[in-house]
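**Student:** Have a look at this one.
Just so it is clear, none of the values below were taken in a lab; they were calculated from the coordinates. Here the structure is a predicted model, which is why all the values come from computation and not from measurement. Counting neighbours? That spans all protein chains shown, and the Cβs are built from the backbone with ideal geometry, glycine included.
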Amino acid sequence: QVQLVESGGGLVHTGGSLRLSCEASGFTFRSTAMSWYRQAPGKEPKERELVASISSGGTGTNYANSVKGRFTISRDNAKHMVYLQLNSLGPEDTAVYYCTRIDGLPLNSKTWGQGTQVTVSS
């Protein structure tokens, strides 16, 4: 079955950096576009925000305007891993971050991991 395991979150000060990792299994990873979402405090799962996405081969990326220029998504198909480099973090980036497949399903039908908490202190 599909499994997604996120890691790398933590507590950082404003302006700090983190690198999030997502280990994927249970599907043909190299053929699947992937994305990172985040759920801010007080928000419902249906309100998760799409942060970044990457094509199956890794050559195409897209970012939410709120993170463009600060976050970088990448992947290693040999290792079945997706990464999200977070730079110049601010308190508004505090959230639980999730990776998931780009499969056309609505948010409440997607497979999610447990997420990784990112907390940015001011």
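**Student:** What is the stretch 8-122's relative contact order, in percent, from Cα pairs under 8 angstrom and six or more apart in sequence?
**Tutor:** Answer for the stretch 8-122 is 36 percent.
**Student:** Let me check I've understood the local charge: for Leu105, count other residues with C-beta under 14 angstrom from its C-beta, Lys and Arg +1, Asp and Glu -1. What total comes out?
**Tutor:** Counting the neighbours of Leu105, the net charge comes to +3.
**Student:** Need one word for the stretch 38-122: rounded, prolate or oblate. Basis is the Cα gyration tensor (sqrt eigenvalues a ≥ b ≥ c); a/c below 1.5 gives rounded, then a/b vs b/c decides.
**Tutor:** The shape class here is oblate.
**Student:** Another question about this same structure. Grab the other residues whose beta carbon is less than 13 angstrom from that of Lys43, score K and R as +1, D and E as -1, and report the net.
**Tutor:** In short, -1.
**Student:** List nothing, just return the count: lysine pairs in the chain, 8 or more apart or interchain, with Cα separation under 23 Å.
**Tutor:** Lysine pairs meeting the criterion: 5.
**Student:** Name the residue, out of Gly26, Gly90, Gly60, whose mean-square fluctuation peaks in a Gaussian network model built on the chain with Cα pairs under 10 Å.
**Tutor:** Comparing Gly26, Gly90, Gly60 in the GNM, the peak value goes to Gly26.
**Student:** Separate question: Put a dot 7 Å past each Cα toward the Cβ at Asp76 and Ser122; how far apart are the dots in nm?
**Tutor:** Distance between label points: 3.7 nm.
**Student:** Once the other residues with Cβ under 13 Å from the Cβ of Cys22 are scored (Lys, Arg +1; Asp, Glu -1), what is the net sum?
**Tutor:** On the way: positive: Arg19, Arg38, Arg75, Lys79, Arg101; negative: Glu6, Glu23, Asp76.
Summing Lys/Arg as +1 and Asp/Glu as -1 gives +2.
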